[in-house]
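Shown next, in structure tokens, is the structure this report addresses.
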Amino acid sequence: QVQLVESGGILVQPGGSLRLSCVASGFTFSRYTMRWYRQVLGKERELVATITFDSSTDYADSVKGRFTISRDNAKSTVYLQMNSLKPEDTAVYFCNVRITGTAYWGKGTLVTVSS
């Protein structure tokens, strides 16, 4: 079965950096577009970054120039490098893949940006 396991979320100071990882299993990772979303309690989940099977990328305006999504197909892992973090980046970050119309999600990893 499809599994997505996120890790790397911690408490970090404003201006700091962090790299999130999402290890995928149960499908042919290299063939699929992967996405990172984030969600603040009480708000809708927001798409943060996308990477296609051939490594084209796209970002939300709020993170452009600060976040970088990448993938390692050999490790079935997608990353989110986050730099110049702001308090408003505080959220639970989720990894996502859509396979034949079904969206799969990990359990998320909490990123807290605070001094």
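Points to keep in mind about this one:
- For E88, net neighbour charge (Lys/Arg +1, Asp/Glu -1) across residues whose Cβ lies under 12 Å away: +2
- Each other residue within a Cβ distance under 13 Å of A103 adds +1 if Lys or Arg and -1 if Asp or Glu, for a net charge of +3.
- With contacts taken as Cα pairs under 8 Å at a separation of at least 6 residues, the stretch 1-109 carries a relative contact order of 35 percent.
- Its residues counted as N, the chain yields a C-alpha radius of gyration over 2.2 N^0.38 Å of 1.00.
- Each other residue within a Cβ distance under 14 Å of M34 adds +1 if Lys or Arg and -1 if Asp or Glu, for a net charge of +1.
- Relative contact order, percent, the stretch 34-93 [alpha-carbon distance under 8 Å, six or more residues apart]: 31
- Cα-projected label distance for V2 with Q39, points at 7 Å along beta-carbon direction, nm: 1.6
- Solvent-accessible surface (1.4 angstrom probe) belonging to V5, in square angstrom, nearest 10: 90
- Taking 7 Å steps out from each Cα toward its Cβ at T112 and S30 produces label points 4.1 nm apart.
The values are calculated or read from the model by the stated rules, or taken from the named source; none is laboratory data. What you see is a predicted model, and the numbers here were worked out from it, not measured in a lab. Because the Cβ atoms are built from the backbone with ideal geometry, glycine has one as well, and the counts that use them run over all protein chains shown. To get the accessible areas, we keep the full protein, side chains included, count just its heavy atoms, and leave off ligands, DNA and RNA. Shrake-Rupley method; radii C 1.70, N 1.55, O 1.52, S 1.80 Å.
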